[in-house]
Amino acid sequence: MNGLRMTQYGRGGGCACKIPPGELETLLNGLTDAAPTTPGRAPADGRSHPGSHSYPERGTPGLLVGPEHGDDAAAVRVDGPLAVISTADFFTPVADDPYTWGRIAATNALSDVYAMGGTPVMAVNLLAWPRETLPMELAREVLRGGLDAARSAGCPVAGGHSVDAAEPLYGMAVTGTADPDHLITVDRARPGTPLTLTKPLGVGVLNTLHKATGEVFPEAVEVMTTLNRDASAAAVAAGIRAGTDVTGFGLLGHAHRVARASGVTLAIDTARVPVLAAARTAAARGSVSGGSRRNLDWVAPHADLTAADETTALLLADAQTSGGLLLAGELPGHPVIGEVLPFGGSTVLLR
């Protein structure tokens with residue numbers, strides 16, 4: 001409307017506007033029940049975290065997944081074979097078109113449920129809007145985009161909450177269900193297992209370029225608006241129990257969290273990681289967000305990155321919005337990008 005560009009009304013964009021992971025962990029230190037896992041200290045089995053947190057006995061109601069290791073959502077067993085998953089996700093505009101932003105933000109929020117092997121059953125909108133700066137018609141388009149994304153997932157949108165704010169923000173709180181014995185979590189990766197990635201990297205780089213120039217990259221929009229539903233269902237059916245989705249902390253950041261929680265090393269073959277073609281060129285020309293650089297700085301002390309040049313390392317740390325699933329297991333139709341190794345002194349090994 002009248003040439004308004006939504007991305008110019010937020011300091012960041014999409015998942016690149018997250019609080020940096022190192023700062024977030026410092027913020028939450030002492031506010032959770034257990035500290036991050038010590039690398040090399042693997043869980044005794046797939047049903048207990050290293051450290052102080054344990055799952056309730058099979059069939060007993062109680063918290064299954066909390067904040068200990070940074071899983072994508074929380075999960076609680078409510079009755080026998082039923083677990084309820086709860087998550088919330090919102091961010092500043094990642095696209096100039098408000099409808100597209102709404103679709104992307106909703107797809108990204110729904111992904112937290114899929115990343116844990118669940119099915120979304122209900123969502124509510126989370127909207128912050130500078131009502132004296134931006135027309136409410138644009139807010140309606142954002143909500144329409146979110147509604148369409150949720151409808152494609154078969155997930156009803158049942159209201160929400162809105163506030164008047166300095167920056168536009170949009171996302172959803174999503175409730176899902178899952179079989180508690182088939183949850184996918186970050187602390188169950190086992191040595192000898194292949195690593196699968198279900199979407200290409202590079203959307204963060206292209207989102208940064210879009211914000212700077214207004215150029216639209218349909219391939220990035222396609223990635224960000226594709227539900228992780230089918231990949232999640234296939235992973236559960238294949239017996240995969242370890243993984244996460246790749247969002248604001250980049251592939252390296254999320255791989256580090258899986259490795260640290262599981263007490264293993266994730267070896268990533270850089271040549272096998274799919275990257276959007278336009279993103280390689282954009283990254284080489286410097287179109288990299290501050291969030292991606294902070295991701296790399298956070299992971300570097302814990303990882304062996306010597307096999308990658310700077311551009312490749314930044315692409316692997318690229319802050320994704322509505323990215324794919326990183327799974328400890330092989331999923332037909334998706335590339336295997338590495339393997340899980342016994343802990344070898346670093347959480348992530350590039351080769």
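The values are calculated or read from the model by the stated rules, or taken from the named source; none is laboratory data. Being a predicted model, the structure only gives us computed values, none of them experimental. Note: ideal-geometry Cβ built from the backbone for every residue, glycine included; neighbour counts use all protein chains shown.
Okay, here's what the table says:
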{"quantity": "Test: residue in segment 195-212 that is of a type in the set (A, V, I, L, M, F, W, C), within 21 Å of the chain's Cα centre (by Cα) and over 30 Å from Leu341 (Cβ atoms)", "calculated": "yes"}
{"quantity": "Any hit, segment 271-286, residues being assigned by TED's automatic domain parsing to the domain that holds Asp245, in a strand (DSSP E or B) and within 20 Å of Leu209 (Cβ to Cβ)", "calculated": "yes"}
{"quantity": "Residue tally, condition among the small types (Gly, Ala, Ser), farther than 12 Å from Gly10 by Cβ and not in a helix (DSSP H, G or I), over segment 82-113", "calculated": "3"}
{"quantity": "Residue among Val236, Val203 that alone is under 29 Å from Glu23 (Cα atoms) and either in the same structural domain as Asp318 (by TED's automatic domain parsing) or in contact with a helix residue (DSSP H, G or I) (Cβ under 8 Å, 6 or more places away or on another chain) (or both)", "calculated": "Val203"}
{"quantity": "Out of Leu350, Leu325, Leu341, sole residue that is aliphatic (A, V, I, L, M) and surrounded by fewer than 19 Cβ atoms within 10 Å (Cβ to Cβ)", "calculated": "Leu341"}
{"quantity": "Unique match (being in the same structural domain as Ala267 (by TED's automatic domain parsing) and closer than 25 Å to Val76 by Cβ) among Ala189, Ala115", "calculated": "Ala189"}
{"quantity": "Residue count, segment 127-161 (criterion: surrounded by fewer than 16 Cβ atoms within 10 Å (Cβ to Cβ) and assigned to a strand (DSSP E or B))", "calculated": "3"}
{"quantity": "Count of segment 314-351 residues which are closer than 30 Å to Gly102 by Cα and not polar (S, T, N, Q)", "calculated": "15"}
